[in-house]
Amino acid sequence: MDDPKKLAEFQEKIDADIKIEPRDWMPEKYRQNLIRQISQHAHSEIIGMQPEKNWLTRAPSIRAKKILMAKIQDEAGHGLYLYCAAETLGVSREQVLNLLHEGKAKYSSVFNYPAITWADMGAIGWLVDGAAIVNQVSLQGTSYGPYSRAMVKICMEESFHQRQGYEVVVSLAKGTPEQKQMAQDALNRWWWPSVMMFGPHDAESAHSNQSLKWKIKRESNDELRQRFIDKTIHQGEILGLTFPDPDLKWNESTGHYDYGKIDWDEFWNVVKGNGPGNKQRLNHNIAAHEDGQWVREAAIAYADKINSKTKTA
Ligand code: BYC
């Protein structure tokens, strides 16, 4: 049990929008909740590289290849940055990776879908990064200092990613009828998984109440989902693309788009490990980690060598 006085002081700091820093006192549940969310966020960035790396060798031009390469590299940076933020809470990189590899830690459901055409590179940037930005701009205001600062840097790069994807979609949508159809097909397949990225509806969201009270999250899953939908529809319609949701329509009275029912059975099925690509994604991450063992050993040996030289000097 946390000391009630300390708990009250902590809540006062949160209410006053004072950031919590690694050495500050924090309730154990706050620490655990942050470790959970930040490490899962990091896993998403790292596993999220996989659908895109699939197209590096088949990009339609050197320009497209260079841009895609830079984007994927950014995602790796985001993951490493976020693992460091999690480490400031007293957990090791090894611990969080073990939880992922044992299937106990989650990563974003959206990365378990396959990227089967070049148009998917457009849809991922436009929709998946587009959804991620909405979520991450909100998280810039999170109460934990290292997470908040990581979000500021990450959001700058994500906005480039969203444009990279939209540029691919624009060029396909304005191309031949076959190319436009590729863009439409990618939109059809990536729309709902992107809408699901925001997590369960607020009433079903296990962590939201406490996370909002502690300002780990600044807005609810449904608020962010609605913002993403509202800002994205026009971007598709202007290209003559249609969204795979017959219930999508502008609601004059709410000032938002109404949207259809989300298939939560599909969502939970994917989250529980049974989506089209879960096994492949996780196995690939485990294999890459094992292949990298010698790199980690070499880095540690090198650091030891430098340290012993500094001590003798
Ligand atoms: N997928 O109580 P809730 C990127 C889980 S990568 C899987 O609402 P919370 C990119 C949730 O974890 C950036 N699981 O949770 C990279 C919880 O289970 P646990 C991706 C999900 O945390 C490469 C349970 O459901 N962005 O942009 O309050 C290429 C109940 O949910 C999902 C982030 O990671 C899901 N979609 O709110 C391209 C954002 N949704 O942990 C692009 C950071 C929910 O109790 N994370 N669950 O076992 C967050 O903002 C929050 O964690 C969420 C969920 C809004 C996702």
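So here's what we get for this one:
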quantity	calculated
Whether the chain is rounded, prolate or oblate, judged on the alpha carbon gyration tensor where a/c under 1.5 counts as rounded	oblate
Fluctuation leader among 39, 171, 208 - the chain, Gaussian network, Cα springs under 10 angstrom	171
In nm, spacing of pseudo-spin labels at residue 238 and residue 53 (7 Å Cα→C-beta vector)	3.4 nm
Proximal aspartates and glutamates to residue 13, defined as alpha-carbon separation beneath 19 angstrom and excluding residues fewer than eight positions away on the same chain	2, 3, 21, 24, 28, 219
DSSP loop trypsin sites (Lys or Arg not before Pro) with at most 13 other Cβ within 10 Å excluded, longest remaining stretch of the chain	175-260
Net length gained if the chain between residue 69 and residue 31 were fully extended (0.36 nm per residue, minus Cα distance)	10.2 nm
Given 53/106; 153/309; 65/180; 104/217; 215/261, the pairs whose alpha carbons are separated by over 32 Å	153/309
Listed residue (216, 277, 228) projecting farthest to the positive dipole end of region 208-281, Cβ model	216
Residues of type aspartates and glutamates that residue 71 reaches as a straight line, Cα spacing below 18 Å, ignoring anything fewer than 8 places off in the same chain	45, 52, 120, 129, 157, 158, 167
GNM top mover of 291, 185, 263 - the chain, alpha-carbon springs below 10 Å	291
Label-point gap, in nm, between residue 265 and residue 201 - each point 7 angstrom along Cα→Cβ	1.7 nm
Student exercise, the chain dipole from Lys, Arg, Asp, Glu Cβ charges, in Debye to nearest 20	980 debye
Potential extension, residue 310-residue 159 segment - 0.36 nm per residue separation minus Cα distance	50.1 nm
Positive-end residue of 34, 11, 1, charge dipole of region 1-43 with Cβ unit charges	34
Förster radius 51 Å - calculated FRET efficiency between residue 94 and residue 250, Cβ distance, rounded to 0.05	0.55
Exposed GluC sites (Glu not before Pro) absent: longest stretch of the chain, with sites in DSSP loops and at most 10 other Cβ within 10 Å deemed exposed	103-251
Segment residue 185-residue 152, length gained on full extension (0.36 nm per residue, minus Cα span)	8.6 nm
Helix-only CD estimate at 222 nm, as mean residue ellipticity for the chain, using -39500 (n - 2.57) per DSSP H run (n ≥ 4)	-20500 deg cm²/dmol
Heavy atoms of residue 133 accessible to a 1.4 Å probe, total area in Å² rounded to 10	20 Å²
Inter-label distance for residue 1 and residue 140, nm, one decimal - labels placed 7 Å from Cα along Cα-to-Cβ	4.2 nm
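The values are calculated or read from the model by the stated rules, or taken from the named source; none is laboratory data. The structure displayed is predicted, hence computed values, not measured ones. Virtual Cβ from ideal backbone geometry, glycine too; neighbours counted across all protein chains shown. Surface accessibility is based on the protein's heavy atoms, side chains included, excluding ligands, DNA and RNA. Shrake-Rupley method; radii C 1.70, N 1.55, O 1.52, S 1.80 Å.
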